[in-house]
């Protein structure tokens with residue numbers, strides 16, 4: 001498989017973005033997956049698909065399957081006596097597995113993973129390596145967690161007591177559904193009381209922060225660097241752009257898209273697309289704009305004065 | 001313990017947020033911690049407290065104490081000969097401990113932690129697991145560090161030398177006070193020359209970045225995803241919201257609150273609350289607003305022209 | 001070595017920032033590195049340099065060299081039979097090294113690092129500790145990677161298939177050039193098809209996210225918390241400020257500077273400095289400004305009406 005512009009004879013490629021039509025016309029690939037609308041433009045063998053990106057994903061999965069499991073526990077892994085590791089599961093080098101942990105059929109616990117007491121991994125879960133899963137967290141079938149992710153660390157709960165902060169024990173846990181993907185160095189906090197919930201099919205990119213008692217609905221995708229504050233609820237099939245910040249204790253309904261770098265500071269009750277990011281300008285221009293905006297009140301006053309005087313003049 | 005809305009008979013809950021009064025009236029909890037102002041509304045046994053959240057924290061700490069220590073060093077841990085581990089401390093599986101490290105009384109070094117040479121952990125410190133503490137960093141009594149955090153990695157110091165970057169050795173360290181909490185995947189850089197300082201009682205949420213030679217005053221709390229650039233100074237008892245960005249070489253006085261997604265690009269010398277985040281709008285509306293704002297200079301010119309012409313007409 | 005304001009007799013310091021002239025006049029250091037322009041102001045021995053910061057970096061590197069290597073593989077490391085570790089390289093405690101990995105001359109693989117199959121580390125690479133390098137990633141001569149960084153995890157590639165997300169295998173890798181520095185907890189995704197490329201001399205601070213198929217030109221520096229979305233191209237010698245967000249599939253030309261918290265959402269084709277961050281205001285003032293800006297369309301209408309009426313009055 002190769003990108004459409006770099007494909008050599010012998011490769012298969014795909015076209016999902018119509019902007020790449022020129023590259024299609026010049027492609028050296030042996031075959032291309034595309035939609036009916038662009039099929040006539042292909043200079044090479046074309047597989048016409050309703051959804052070329054999805055068809056490409058299926059082909060790529062056939063051509064590049066995950067490495068086959070080598071069931072068993074690596075001798076360097078440290079596994080508590082009460083842990084139950086399915087005979088078909090694989091536990092990698094230097095993994096540490098706590099008491100009462102359950103590792104399901106065909107699950108993969110990569111090297112250097114740390115599973116605290118009471119963790120439950122369902123069948124076919126894959127922890128790529130150096131993943132931390134904290135006490136009593138449950139992860140559903142086929143979910144994948146990438147290196148450096150931390151699932152179930154304490155939420156940020158403190159009560160202010162005469163100027164100092166008193167820790168509030170975080171006694172909930174995290175429920176991760178089936179077919180979830182959790183990116184590298186993403187963190188998901190356990191609930192304060194009650195659980196943090198990630199429903200089936202949710203996809204979380206890298207470097208995301210999910211606060212305690214957040215609830216994310218099925219098939220919602222969050223791009224990298226998003227921060228979701230405690231007790232926020234995000235609906236199903238939402239798409240949250242990179243570095244979006246979502247304030248706590250609010251809710252976003254199903255089928256909402258939020259573009260990158262947006263601040264969501266109140267609930268969203270209508271499906272649709274939402275934004276608040278500012279596109280870059282040359283710094284000099286931007287500083288002038290900022291200065292004007294910061295004096296916008298003055299501009300409004302000038303307009304009000306003009307209106308009043310115009311009325312006088314009109315009379 | 002249970003959330004007020006989900007509590008079953010046999011649980012204790014609390015009410016700190018008066019917006020949840022309706023839930024109080026319907027609660028099925030056996031007892032509730034609340035303030036005098038809401039005590040009459042409770043349908044169940046009520047413990048009246050001046051600060052219900054703090055009282056709740058204390059009760060929860062009694063009911064959910066941290067797991068008791070099992071003093072000793074796990075046989076899989078790799079501990080340098082010159083390290084001094086207190087007999088009452090616990091070192092977990094696969095931990096790596098460098099030369100001259102000191103681990104104090106009742107300290108807990110969780111599984112897979114990495115302590116470089118010369119690290120000093122005071123009494124009752126708890127590193128939950130997979131924490132990295134770099135060379136010669138000191139962590140004060142009772143502080144807690146969560147998985148994936150890195151304390152004391154090199155600051156970002158480079159001198160530009162005819163177009164290429166020359167590394168400036170980062171020869172300071174990090175001093176972490178007592179009762180500090182450091183969240184998952186948070187990073188704190190060592191000083192370039194002189195130390196980075198985190199004073200007593202500071203609470204850092206997850207995914208925070210603290211640059212070299214930053215100084216954070218006692219009992220200040222930073223929410224997740226905050227970035228603090230090098231040599232910034234933050235006062236005592238500040239509250240910094242999520243994803244705030246703080247520019248380097250500036251200072252923020254005591255008792256400042258900054259709301260989420262704000263950019264602090266010059267010093268703040270007066271206590272109070274500061275902001276610069278933009279709440280989300282439907283994308284179409286937002287794009288129109290952005291386009292207008294980017295032409296605000298033109299609007300100001302139109303107003304000036306109106307004023308000049310009105311003056312003429314008035315004469 | 002010591003900061004100019006805190007230096008004691010016996011230390012050497014430097015002055016690169018002319019704002020610190022007052023501190024120079026009062027310094028107790030034994031010697032100071034500075035430029036010709038400020039040399040006359042020094043009360044102590046002065047080493048005059050064209051680029052005092054670079055000269056200081058060279059002196060500091062002499063005074064604080066990296067710890068010398070202790071070649072060999074720590075007995076607790078788990079190294080695959082097919083890995084080739086140069087005899088002059090060092091592999092630390094609890095490292096895990098996969099099949100076909102190549103570790104070059106004088107390379108340092110710190111404690112608890114995880115190198116997946118097929119990784120290639122060139123001569124003099126240094127992985128400080130607890131670094132993850134994924135399958136088939138190549139890292140060039142003298143590059144340094146800090147704790148918690150993940151190089152080569154899967155990109156965020158999913159095709160939407162009737163409401164659910166289908167994973168697109170990420171079959172590219174990451175090419176990291178020579179003299180690159182990668183900060184703590186930074187993540188760099190492997191290419192979807194084709195590689196993610198980090199050219200020579202690039203410096204990446206902590207907590208950065210680099211999406212799949214990003215290309216970063218030589219000697220570009222990114223400050224902490226930057227997010228770069230997939231397939232973005234950044235030129236050579238750029239300087240990207242903290243927490244900048246760069247949208248995918250765009251390109252930034254050589255010699256661009258972007259100030260902190262800016263959103264780059266379209267390509268930049270001219271060298272220069274770009275911004276879109278909003279400096280903080282007291283919250284009350286800020287809320288008034290936001291409210292005015294959100295009604296800017298109304299203000300424009302008022303001005304248009306004034307203009308029309310003025311024209312009538314003028315006639």
(message) Suppose we filter the stretch B:120-154 for residues that are closer than 19 Å to residue B:106 by Cα, surrounded by fewer than 24 Cβ atoms within 10 Å (Cβ to Cβ) and within 14 Å of chain C (Cβ to nearest Cβ); how many remain?
(response) 0
(message) Given the options C:148, C:152, name the one that is modelled with pLDDT of 95 or more, part of a strand (DSSP E or B) and touching a strand residue (DSSP E or B) at 6+ places or on another chain (Cβ under 6 Å).
(response) C:152
(message) Being in contact (Cβ under 8 Å) with a residue 12 or more places away in the chain, under 30 Å from residue C:96 (Cβ atoms), out of contact with any helix residue (DSSP H, G or I) (no Cβ under 8 Å at 6 or more places or on another chain) and away from every other protein chain (no Cβ under 14 Å) narrows it down to one residue among C:71, C:66; which is it?
(response) C:71
(request) Inspect all residues belonging to the stretch B:94-110 and state whether any of them is farther than 20 Å from residue C:128 by Cβ and within 11 Å of chain C (Cβ to nearest Cβ). (result) no
(message) Take residue B:77 and tell me if it is free of Cβ contacts under 8 Å to residues at least 12 places away in the same chain and within 11 Å of chain A (Cβ to nearest Cβ).
(response) no
(message) Test of understanding: among C:206, C:213, which residue is facing another protein chain (nearest Cβ under 7 Å), touching a residue at least 40 places away in the same chain (Cβ under 8 Å) and assigned to a loop (DSSP other than H, G, I, E, B)?
(response) C:206
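For the stretch B:163-202, which strands (runs of 3 or more DSSP E) that fit wholly inside it have 1 or more residues that are out of contact with any strand residue (DSSP E or B) (no Cβ under 6 Å at 6 or more places or on another chain) and surrounded by fewer than 24 Cβ atoms within 10 Å (Cβ to Cβ)? Quick ask: steps written out before the conclusion?
Numbers: elements: B:164-167, B:174-176, B:187-189, B:196-198.
Ranges flagged: B:164-167.
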(request) Taking residue B:233 as the residue in question, decide whether it is without any contact (Cβ under 8 Å) to a residue 24 or more places away in the chain and over 22 Å from residue B:157 (Cα atoms). (result) no
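Would you point out which residue out of B:249, B:219 is surrounded by fewer than 17 Cβ atoms within 10 Å (Cβ to Cβ) and under 29 Å from residue C:147 (Cα atoms)?
B:249
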(request) Kindly establish whether residue B:276 is surrounded by fewer than 17 Cβ atoms within 10 Å (Cβ to Cβ) and more than 7 Å from chain A (Cβ to nearest Cβ). (result) no
(message) From the list B:85, B:97, exactly one residue is farther than 19 Å from residue C:75 by Cα and touching a strand residue (DSSP E or B) at 6+ places or on another chain (Cβ under 9 Å). Which is it?
(response) B:85
(message) Considering only residues that are in a loop (DSSP other than H, G, I, E, B), more than 7 Å from every other protein chain (Cβ to nearest Cβ) and more than 13 Å from residue A:197 (Cβ to Cβ), which ones fall in the stretch A:231-245?
(response) A:238, A:241, A:244
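Taking the condition closer than 22 Å to residue C:187 by Cβ, more than 18 Å from the chain's Cα centre (by Cα) and modelled with pLDDT of 95 or more, does residue B:95 pass?
For residue B:95, the condition - closer than 22 Å to residue C:187 by Cβ, more than 18 Å from the chain's Cα centre (by Cα) and modelled with pLDDT of 95 or more - is not met.
The values are calculated or read from the model by the stated rules, or taken from the named source; none is laboratory data. Here the structure is a predicted model, which means the values were calculated and not measured. Reconstructed Cβ throughout: ideal geometry from the backbone, glycine too, with neighbour counts over all protein chains shown.
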